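Following: one structure in structure tokens, then a few remarks.
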């Protein structure tokens with residue numbers, strides 16, 4: 001290294017500039033090369049398919065002809081499509097609200113515990129997030145089984161009628177939201193717990209001296225200081241829940257009578273089983289605007305958080 | 001003087017109602033309610049896995065006999081033995097394992113290199129790239145699988161390479177799901193390494209590759225472990241891509257295998273299904289049990305590092 | 001406005017005693033400073049008065065009310081924290097008015113109180129800013145403003161100036177003193193800096209290892225320390241302490257410090273010291289009482305020659321160091337009269353200011 005530097009110094013002025021320039025460029029070329037695999041993966045397997053799907057959405061079923069917005073017109077006239085829109089939004093918004101509330105409450109309870117005990121409880125409460133959603137949805141499917149539901153067994157013992165969990169459209173929607181909340185709340189809890197821990201304890205002491213009780217402390221101190229994390233987590237979860245496939249697919253496969261279909265599952269049904277790829281692409285493209293809006297807000301919040309810190 | 005004696009009388013009257021130690025009693029009450037509600041939540045969160053376990057110990061006779069579903073009367077390991085000796089399940093497991101391990105390796109190599117470049121070295125467009133990487137994480141697989149499916153079909157038509165219905169295709173596909181977040185994680189960890197370390201290394205005569213291997217990687221080991229755990233869990237648990245791209249029984253990975261082959265029509269062999277599900281959930285759970293802190297730090301990296 | 005009383009306060013954390021039996025009576029409107037090294041229990045005591053820690057045993061009275069079981073929010077106190085503890089998401093106005101808003105005070109009164117406090121602290125132009133836009137000194141004032149607005153019975157200060165740079169600290173010290181003259185609330189102030197204690201306090205409480213060593217006015221603790229710890233803690237630079245022996249010398253006594261250095265004991269103290277003849281004692285004399293030879297030498301002073309080991313010019317005075325039997329002793333002299341390093345200098349010790357300490361009991365005789 002020292003030799004190189006010494007050598008450079010002995011080179012005449014013009015030559016020195018050239019080799020310095022080369023060195024600077026070399027650093028950024030190395031950097032670029034190191035980032036190349038990432039760029040390649042993202043370009044080929046994310047950017048390209050995304051754009052391609054827009055193209056696909058404009059083709060007819062056999063993919064021979066260009067039909068412009070024909071697929072979209074077709075979808076707008078189908079009742080199922082509007083059901084899918086409504087259901088996707090319903091599940092996403094309801095599930096995220098419940099996940100945030102449950103996560104918030106549980107995080108506060110865990111935070112209340114003495115420090116050594118927190119680890120055990122945190123460990124137990126995160127388990128739904130660790131189990132592959134497909135596997136745990138199977139468990140829920142079994143719990144909701146029409147003939148052998150373990151819940152109905154408890155109801156029967158309490159003298160209450162059994163519930164047609166997945167057979168009844170309204171209960172089926174309830175179940176989808178429930179499993180979603182079950183899988184996602186631990187994530188919210190962990191995030192909120194981390195945010196809670198970053199609120200300085202002295203602020204709570206100052207508030208106690210100023211006269212605040214536990215509810216006022218949460219409302220005036222915790223909530224405002226966690227606002228950024230709350231927004232980012234909610235938006236992230238909105239995107240993930242909105243595009244969720246596993247839970248609906250395994251639990252209800254969109255039924256009964258398409259009353260629990262979401263964009264992901266319906267697109268899958270149309271494209272893979274109905275063999276109509278362009279139509280499937282059109283359906284899944286509808287997710288894009290909502291995802292884009294959510295992504296915009298996430299980016300803005302993450303930047304803001306970076307500036308605040 | 002009269003004022004203070006008056007207040008003294010008033011306050012001693014109040015004294016009788018207030019007993020010694022009621023601040024700690026208030027805290028003890030808060031603790032009690034915390035444990036009470038936490039137990040309720042734990043019951044809610046742990047019921048499905050516990051129920052999976054209970055069912056896995058039942059013979060199909062006991063299941064169809066519809067006795068108490070929450071209790072095992074004649075525990076049997078037959079489900080486990082059947083699955084673990086049965087070739088098919090082991091194939092699922094093997095496929096999943098190979099795919100996951102490969103994907104983790106690819107992810108770590110790509111993300112560490114890219115994170116190092118983005119965190120440390122300025123080059124044209126590095127800031128946009130970093131944001132772009134973050135954004136791609138937000139494009140869901142349910143949007144991408146259709147065009148990818150068509151692309152693979154096209155490749156097959158033009159070059160004869162069959163990409164569909166091979167489990168190793170997943171090794172190509174999964175990195176899209178793991179690399180963005182892993183890169184973002186590693187960027188966070190690398191950025192927190194003080195620049196003085198770089199400069200000290202440069203003076204000591206290290207090149208960039210040596211800086212990476214001898215300084216950055218060792219210091220960022222917690223982040224690397226967290227990213228590895230994350231990539232593994234995502235690969236192992238993925239359901240949509242394998243469902244769309246693999247169909248024959250010997251090409252399936254574990255989640256899809258259990259869901260599609262064990263559920264044959266309307267005949268549900270629930271004992272086996274639950275056992276399969278539990279075994280399918282086992283690897284992530286085991287990793288979680290031993291490396292819980294890394295797991296959690298990976299998740300919260302976003303919260304604390306912004 | 002109220003008096004504060006602590007009776008036999010004990011606090012143990014997990015079997016480690018932090019405070020071991022504190023008895024203190026603070027008069028109404030008094031400015032009391034708890035001072036001592038880190039870990040002596042002063043902050044713990046303050047926090048017990050605030051209600052942020054619970055006393056293991058003993059009673060705390062604010063006014064005439066026993067407050068052991070009263071939560072902080074009902075004790076009518078206000079506290080200024082070392083790290084200010086300002087609510088980062090609220091403006092200065094909202095920070096200062098938080099306590100009043102919680103108690104549902106009418107808006108007009110809140111505004112009036114906040115403005116009044118802001119005027120006292122000279123922060124009226126900062127009311128709309130957020131804490132992160134303020135400097136350390138400004139934040140400290142806002143923290144004090146928050147306390148003043150509440151108009152509480154007692155002010156509690158927990159090392160409020162430790163986070164400020166030296167110059168600002170001196171400035172804020174004066175401000176705090178002025179504020180106490182305007183807003184005459186009873187104040188309990190904790191610091192590890194004995195200069196702060198001496199300048200601010202009506203009375204100083206010196207704490208050591210969980211106990212009170214001495215309570216007294218700044219003058220008392222300076223001139224009449226009761227224990228070795230107090231003698232060494234108060235005063236900067238620290239009091240010189242040397243092992244010595246008392247010897248009979250005709251009708252009086254002599255303090256023998258080494259082969260070459262002895263001092264005559266002032267006659268006023270002969271009676272007091274006589275019982276300790278022959279014992280191993282510690283001799284204490286502050287550097288400011290070892291001076292250069294000058295025209296008006298105070299009576300009872302003794303002159304001696306010493307070989308200077310280190311000379312530190314401080315500007316308006318010069319510190320000279322010399323060695324007595326291996327112990328370094330410090331004196332404060334006029335820069336013009338200071339000798340050179342290695343050379344000899346004539347010094348005068350004002351023995352009316354001397355202290356004798358019994359090393360076994362560590363108390364001043």
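Mind checking the full-extension length gain between residue C:316 and residue C:219? Use 0.36 nm per residue of separation minus the Cα-Cα distance, one decimal, nm. Mind showing how you got there, number by number?
On the way: separation 97, 0.36 × 97 = 34.92 nm, distance 2.35 nm.
Once the chain is fully extended between residue C:316 and residue C:219, it gains 32.6 nm.
The modelled label-to-label distance for the pair residue C:323/residue A:155, using points 7 Å beyond Cα in the direction of Cβ, is 9.4 nm. Measuring between their Cα centroids, the stretch C:78-100 and the stretch A:74-123 lie 34 Å from each other.
Give the shape of the stretch C:59-182 as rounded, prolate or oblate, defined through the alpha-carbon gyration tensor: a ≥ b ≥ c are the square roots of its eigenvalues, a/c under 1.5 means rounded, and otherwise the shape is prolate if a/b is larger than b/c and oblate if not.
Numbers: a/c = 1.72, a/b = 1.21, b/c = 1.43.
Note, shape of the stretch C:59-182 comes out oblate.
Structure remark: mean-square fluctuation, Gaussian network model of chain C, C-alpha springs under 10 Å; the largest value among C:139, C:211, C:346 belongs to C:346.
Rounded to whole Å, the principal axis extents of the Cα atoms in chain B read 104, 74, 34, largest first. Peptides C:244-251, A:265-272, B:292-299 ranked from most to least packed give A:265-272, B:292-299, C:244-251, packing being the mean of other C-beta atoms within 10 angstrom over each peptide's residues. The mean number of Cβ atoms from other chains found within 10 Å of a Cβ in peptide B:32-45 is 5, as a whole number.
Helix C:136-149 and the long axis of chain C differ in direction by around 60°, with both axes built from C-alpha atoms. With the simple spin-label model, which puts each label point 7 Å out from Cα in the Cβ direction, the residue A:93 to residue C:171 separation comes to 5.4 nm. The Stokes-Einstein estimate for chain A, based on a Kirkwood radius over Cα pairs and taken at 10 °C with 1.306 mPa s viscosity, is a diffusion coefficient of 67 µm²/s. Take every pair of alpha-carbon atoms less than 8 Å apart whose residues are at least six positions apart; their mean separation over the length of chain B yields a relative contact order of 27 percent.
Rounded to the nearest 5, the antiparallel percentage of DSSP beta bridges internal to the stretch C:4-224 is 55%.
Indicate, rounded to the nearest 5 percent, the antiparallel portion of the DSSP beta bridges found entirely in the protein assembly as shown.
On the way: 65 of 83 bridges.
Close to 80 percent.
Coordinate range of the alpha-carbon atoms in the stretch C:240-364 per principal axis, descending: 43, 30, 24 Å. Taking 7 Å steps out from each Cα toward its Cβ at residue B:53 and residue C:104 produces label points 5.1 nm apart. Only helices enter this figure: runs of n ≥ 4 DSSP H residues, each worth -39500 (n - 2.57), summed and divided by the residues of chain B, yield -25000 deg cm²/dmol at 222 nm to the nearest 500.
Give the Rg/Rh ratio for the stretch C:162-263, taking Rg as the radius of gyration of the Cα atoms and Rh as the Kirkwood radius, to two decimals. List each step's numbers first, then the result.
Values: Rg = 18.5 Å, Rh = 16.4 Å.
A ratio of 1.13.
The Rg/Rh ratio of the stretch A:68-114, with Rg taken over Cα atoms and Rh as the Kirkwood radius over Cα pairs, comes to 1.42. Shielding by partners for peptide A:158-169, expressed as the average number of C-beta atoms from other protein chains within 10 Å of each residue's C-beta, is 0. At q = 0.05, 0.06, 0.07 Å⁻¹, what is the log10 ratio I(q)/I(0) for the protein assembly as shown, with the Debye formula run over Cα points and no solvent? Values returned for q = 0.05, 0.06, 0.07 Å⁻¹ are -0.49, -0.66, -0.83.
Rg/Rh, computed from the Cα trace of the stretch C:4-224 with Rh as the Kirkwood radius, has the value 0.96. Cβ-Cβ distance of residue A:51 and residue A:300, R₀ of 25 Å, FRET efficiency by 1/(1 + (r/R0)^6): the value works out to about 0.50.
Take the Cβ atoms of residue C:132 and residue B:68, set R0 to 51 Å, and the FRET efficiency comes out at 0.25.
Counted by neighbouring Cβ atoms within 10 Å, the residues C:226, C:177 run from fewest to most as C:177, C:226.
Take each residue in B:131-138, count the other chain C-beta atoms within 10 Å of its C-beta, and the mean is 6. Helical runs assigned H by DSSP (4 residues or longer) give chain A a calculated mean residue ellipticity at 222 nm of -24000 deg cm²/dmol, each run adding -39500 (n - 2.57) before division by the residue total. Hull volume per residue, based on the alpha-carbon atoms of the stretch B:134-244 and their convex hull, is 129 Å³. Based on DSSP H segments of at least four residues, each scored -39500 (n - 2.57), chain C has a per-residue ellipticity at 222 nm of -7500 deg cm²/dmol.
Relative contact order, whole percent, for the stretch B:61-183 stands at 35, derived from Cα pairs under 8 Å and 6 or more residues apart. Sorting the segments B:222-232, C:261-271 by their residues' average number of neighbouring beta-carbon atoms within 10 angstrom, most packed first, yields B:222-232, C:261-271. Structure remark: mean-square fluctuation, Gaussian network model of chain B, C-alpha springs under 10 Å; the largest value among B:270, B:71, B:124 belongs to B:124. The alpha carbons of the stretch A:203-283 occupy a box of 67, 24, 14 Å along the principal axes, longest dimension given first.
Coordinate-derived values only; no laboratory data. This is a predicted model, so every value here is computed, not measured. As a convention, Cβ positions derive from the backbone with ideal geometry for all residues, glycine included, and neighbour counts pool all protein chains shown.
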